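To start, the structure under review is shown below, and the notes come after it.
No value in this document is a laboratory result; all are computed from the given coordinates. None of these values were measured; they are calculated from a predicted model. FYI the Cβ positions are ideal-geometry reconstructions off the backbone, even for glycines, and counts take in every protein chain you see.
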Amino acid sequence: MGNQLPKGSKSRLKRMPMSFIHHQTSPSHTGIRTVDVDNVTNFTTNSDLCISIVTWNMNGQVSFEDIVEMVDNNRKFDLLVIGLQEAPCGGKKVATLLKAALDGNHTLIGKVTMKSLHLYLFGPKNAAPFIKELKVDKESVGGYGGIIGRKKGAVAIRINYNGIQMLFISCHLSAHARNVEERNSQWRHISHSLFSKIWNPYARPSHITVWLGDLNYRLQGIDSYPARNLIHKDLHQRLHGKDQLLQEAERGQIFNGFCEGTLTFKPTYKYDKGSSDYDTSYKVRVPAWTDRILFRIEDENNIEATLHSYESMDKIYGSDHKPVKAHLCLRLLRPAPTN
């Protein structure tokens, strides 16, 4: 990615991890850059591509009403990316419900599943001429999270659409606040492993990588009731400094150079199913922003990204997680190469 290789390193290059995902080899790091949301709605004339992105841990349940609410969008988009974790058995049912909820306005152009991990990519009906490449991959880590069929790992789609090379990764990492280093290790393993079997040292890297899912990073150094008290008073921004994901990125362990919208919404886990009440079980879990959407622009001289929304979907009650949605628009600053 612009680094000069020493002479005689060609054979070593073939053994290096693939270039489709940026991995952190630089001694310096920037952590996660928090970006503001641009709420303007007249964006289509200034953008080459707009993407609606949703991540949701479904806790093994699905209803058509929740699916309809999840895909409902008052913003126009070209592509719809949906990453699901702990999706119920029988992926065909979920795909069928998604297609029905979209009411024929968009068609499924790519999908990849691994047990309870699903990733769907929908585009316009006339999408075929704009797709120059579409590949999928998956990588498992750890076990099943204690429940058979609920897989940890990641599924990914790589696509060149209308001249923009994109990589979407949906993941589910290990649970529990104490497993920070395990999550870090899983993230690094996934980053180095996805698409490695088809790695081409001459392949053009993605313009943008989008990482979404139940990353399972928790709040560190605060108990449940003090955290809930701040959330109840609408002061949850004071919890940002307790967020393990931001802490680990600041340490240079994960997501170096990625961007994320400001966490203006309340922590998305753990709720009592069917309600907006945080966990009332005997565990009284500390609320956390486990569900996230991050993105990285590989070359800011070539492409511009504008985040138009980053929010939780609090009217969906079918899981102990709330879905998270982002709306991202891209503009090429110079024409993409034709070859």
Potential extension, Arg204-Arg33 segment - 0.36 nm per residue separation minus Cα distance: 59.1 nm
By the scheme Lys and Arg +1, Asp and Glu -1, what is the net charge of all other residues having a beta-carbon under 14 Å from that of Asp234? +3
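Which of the peptides 47-59, 306-318, 208-220 is most tightly packed, and how do the rest follow, going by the mean number of other Cβ atoms within 10 Å of each residue? Don't jump to the answer; show the numbers that get you there.
Details: 47-59: 23.0, 306-318: 17.6, 208-220: 24.6.
Final packing ranking: 208-220, 47-59, 306-318.
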With θ taken as phi - 60° and the coefficients 6.51, -1.76 and 1.60, list the Karplus ³J(HN,Hα) couplings across segment 246-260 in order, rounded to whole Hz; mark glycine and proline as x. 5, 5, 5, 5, 4, 6, x, 7, 8, 6, 5, x, 7, 10, 8
With each label point set 7 Å from Cα along the Cα-Cβ vector, what nm distance links Ile231 and Arg75? 2.4
Of Lys115/Lys242; Lys135/Lys325; Lys242/Lys283, those spanning more than 30 Å from alpha-carbon to alpha-carbon: Lys115/Lys242
Which net charge results for the neighbourhood of Glu181, defined as the other residues with beta-carbon distances under 14 angstrom from its beta-carbon, given Lys and Arg at +1 and Asp and Glu at -1? +3
Proximal aspartates and glutamates to Lys99, defined as alpha-carbon separation beneath 16 angstrom and excluding residues fewer than eight positions away on the same chain: Glu65, Asp66, Glu69, Asp72, Asp78
Given 0.36 nm per residue, what is the gain on full extension from Lys132 to His189 after removing their alpha carbon distance, in nm? 17.7 nm
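Pull out the extension gain between Ala177 and Asp223, defined as 0.36 nm times the separation in residues minus the alpha carbon to alpha carbon distance; nm, one decimal.
On the way: separation 46, 0.36 × 46 = 16.56 nm, distance 1.16 nm.
15.4 nm is the gain from fully extending Ala177 to Asp223.
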For 247-256, 100-109, 151-160, 132-141, ranked highest to lowest by mean beta-carbon neighbours within 10 Å, the order is 151-160, 247-256, 132-141, 100-109
Counting only other residues whose beta carbon sits under 12 Å from that of Val112, what net charge do I get with K and R as +1, D and E as -1? +3
